[in-house]
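Notes follow the structure.
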There are 2 protein chains.
Amino acid sequence: VNVSEIGEFGLIDLISKTLGQPPPARSELILGIGDDAAAWQGDSLIQLGTVDSLVQDVHFSFPGTSWEDLGWKALAISLSDIAAMGGEPKYALVALSLPGTTDVADVISLYRGMAALAGRFDVAVSGGNISRAPIVVITTTVLGSTGSMLRRSAAVPGERVAVTGHLGAAAAGLGALAIGIKLDDETANQLKEAFMRPCPRVAEGRLLLELGVKTAIDISDGLVADLTHICEASQVGARIDVDQVPVHPAARAAFGDKALTLALAGGEDYELLFTAPAAAMARVKAAASCPVTVIGSITAGAGPVDPVDGRGRPVSLNKKGWAHF
Amino acid sequence: VNVSEIGEFGLIDLISKTLGQPPPARSELILGIGDDAAAWQGDSLIQLGTVDSLVQDVHFSFPGTSWEDLGWKALAISLSDIAAMGGEPKYALVALSLPGTTDVADVISLYRGMAALAGRFDVAVSGGNISRAPIVVITTTVLGSTGSMLRRSAAVPGERVAVTGHLGAAAAGLGALAIGIKLDDETANQLKEAFMRPCPRVAEGRLLLELGVKTAIDISDGLVADLTHICEASQVGARIDVDQVPVHPAARAAFGDKALTLALAGGEDYELLFTAPAAAMARVKAAASCPVTVIGSITAGAGPVDPVDGRGRPVSLNKKGWAHF
């Protein structure tokens, strides 16, 4: 059965059933799907709102993409923005554009993938919109709140620069899909998982805030590009030791020495990149349940990011990050 | 100059300049465009969130659409959802997907049209996302708040059914564009304006709430279809006298007797459709600064909408509303 056959309202009914009841933690929700707008009881914390889109044949393609993974990723990339602010994500609104010929079962899979991730973070998918379109476009708005927040603009010279987790696996996953290289099953699965099922660092963002960190961004464009965003917003420079960058082991297994470039410039890792004074950084490293690796420091002067190797020699990069156009 | 040439970040800079400073009424805004998420100080009112998309070659086409009108309309359709809840719209997040070959000047026109409407309602366009795509898709999230709200589900048998303004002009405008009929300039302009520059009934929604109205929806799918949404949500029926439906004079000038069908089923009018006891309805008619026309009443039993003529004879409709697929 395709979407045209059951129509918009039939599809909305099925989606509501797939999403199920909102999580008990979202008891402030007053109206979910089914009125002109979603409604929830407000609070006097800082409110956060972010939106992101995934576009067919730009960010993913069929065949080769599971609809369930797609739903997960569409929500993950917006949750990651809330994580990068140190916020608690609470509500999602999903605008889905798709051809009328789309199989209803695929749409349900999409929302099942989204619901799986939403459930992990007590996020209520509480509204949205469905439109006909010649291609699939999924736009996810996530709303959250926080007592204080991580910004891009608070980095100070002398602070350490660090990242959570490992980098380069998402870009390696995309690259492996694109060029179809032969990989052992475990490496292939890890890379695909990294590319299609990133796990937003929500708990880690909250932890950074608690431990006194002020500056963070999520790595969506690539390490160097996103560190450049911090430098521009904070009017500082940064020096990173590329030998310290935690390249994902599966990316290294697949691409060898080229994996470093993927880690520096590949994007879509959705790890957190943050800056902190040495003392706060030590607290974070001790408390975090994921790897935290110091890769450099913030420097004076609104310079660009300055990558060097372990002996302080400049390193040149071919590609600074994901170009959206 | 096209979008690929200046790139995502060059474009975001220009868009920020086009949007200018947030309105003074939005002093709760802490972070606008330029971080991972927008941030504002919360309050303990009911919070409202809604999202809508406009898709190229489904909701509009080039040539034939002005980019400035498109920006206006993309925001208007989401503001209208907040209006239908009786809310005060406050923040907008805009996800724009477009080809890299798009002229930068066109994108600026789009945001200029959006800013013009945002300014009227003290809405801060405070964030968004830009993606490459083979077609233009604009997805607008609007957030607002309110002390209490209008719902679809509160209609009660015996209440009067009324609409603001006049109906059918947007569908007539679309029809006139599609079939290229000859119209005098004034009629043509009125219809085009109705289709591309709907003015969301925000003040009217607030007024309805103040005067004790409980049930409303905005007319996006069409009068009969949207009244059916109210009936389904409230588990009631409705009877409307089609002779009382306020057909837009320009729609009548262009399409004669067929204008009634456009008014009943055309959609995209973005007027408010609401129900209220006779006493509250009288207060609304006395206080509203726009026309308010009673067109029928709510009946017992979860029946479909029952259109009759002035003498109570059943009227059959060919088309119940805008079908999204």
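The values are calculated or read from the model by the stated rules, or taken from the named source; none is laboratory data. In this text the structure is predicted, and so the values were computed from the model without any measurement. When we count neighbours, we look across all protein chains shown, and the Cβ atoms used for this are built from the backbone with ideal geometry, even at glycine.
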**Fill in**
Selection over region B:172-193 where residues are over 28 Å from B:Gly119 (Cβ atoms) and either within 15 Å of the chain's Cα centre (by Cα) or of a type in the set (Ser, Thr, Tyr) (or both) yields a count of 1
**Item:** Residue, farthest from B:Gly301 (Cα to Cα), within region B:220-260, restricted to residues that are out of contact with any strand residue (DSSP E or B) (no Cβ under 7 Å at 6 or more places or on another chain) and among the acidic types (Asp, Glu)
**Value:** B:Asp257
**Request:** Kindly provide the set of residues from region B:203-216 that are within 16 Å of B:Pro89 (Cα to Cα) and in contact with a strand residue (DSSP E or B) (Cβ under 8 Å, 6 or more places away or on another chain), ordered by number.
**Result:** B:Glu204, B:Gly205, B:Arg206, B:Leu208, B:Leu209
**Prompt:** Hey, B:Thr164 hits all of (1) within 12 Å of chain A (Cβ to nearest Cβ); (2) surrounded by 24 or more Cβ atoms within 10 Å (Cβ to Cβ); (3) β-branched (Val, Ile, Thr) but one; which does it fall short on?
**Reply:** (1)
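Using the structure shown, decide if B:Ser153 is at negative phi and in contact with an Asp or Glu (Cβ under 7 Å, 6 or more places away or on another chain).
On the way: at negative phi: yes; in contact with an Asp or Glu (Cβ under 7 Å, 6 or more places away or on another chain): no.
Criteria not met by B:Ser153.
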**Complete:** B:Glu268 fails exactly one of (1) surrounded by fewer than 18 Cβ atoms within 10 Å (Cβ to Cβ); (2) of a type in the set (Asp, Glu); (3) more than 15 Å from B:Val161 (Cβ to Cβ), namely (1)
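Which of the residues that make up region B:28-41 are more than 26 Å from A:Thr228 (Cβ to Cβ) and more than 26 Å from the chain's Cα centre (by Cα)? Talk me through it step by step, then tell me what you get.
Here is the first cut: in region B:28-41, the residues more than 26 Å from A:Thr228 (Cβ to Cβ) are B:28, B:40-41.
Correct list: B:Gln41 only.
Are there any helices (runs of 4 or more DSSP H) wholly within region B:194-310 with 3 or more residues that are under 17 Å from the mean Cα position of the chain (by Cα) and under 29 Å from B:Trp72 (Cβ atoms), and if so which?
Details: elements: B:202-210, B:223-234, B:249-255, B:259-265, B:278-287.
Counting at least 3 such residues, we get B:202-210, B:223-234, B:259-265.
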**Request:** Name, by its number, the condition in (1) touching a Leu at 6+ places or on another chain (Cβ under 9 Å); (2) on the phi > 0 side of the Ramachandran plot that does not hold for B:Gly7.
**Result:** (1)
**Asked** Between a first residue in region A:1-28 that is over 16 Å from A:Gly100 (Cα atoms) and in contact (Cβ under 8 Å) with a residue 40 or more places away in the chain and a second residue that is of a type in the set (D, E, K, R) and in a helix (DSSP H, G or I), which pairs have beta carbons less than 7 Å apart while being 6 or more apart in sequence or on different chains?
**Response** A:Thr18/A:Arg112
**Prompt:** Out of the residues in region A:297-314 that are of a type in the set (A, V, I, L, M) and at pLDDT 85 or above, which is surrounded by the fewest Cβ atoms within 10 Å (Cβ to Cβ)?
**Reply:** A:Ala300
**Request:** State all residues of region A:251-284 that are farther than 20 Å from A:Asp221 by Cα, touching a Gly at 6+ places or on another chain (Cβ under 9 Å), small (Gly, Ala, Ser) and in contact (Cβ under 8 Å) with a residue 60 or more places away in the chain; if no residue qualifies, say none.
**Result:** A:Ala254, A:Ala276, A:Ala278, A:Ala280
**Request:** Tell me which residues, restricted to region B:131-147, are closer than 25 Å to B:Thr215 by Cα and more than 10 Å from chain A (Cβ to nearest Cβ).
**Result:** B:Gly147
**Asked** So which of B:Leu11, B:Leu19 ends up being crowded, with 21+ Cβ neighbours inside 10 Å and either under 20 Å from A:Cys231 (Cα atoms) or within 13 Å of another protein chain (Cβ to nearest Cβ) (or both)?
**Response** B:Leu11
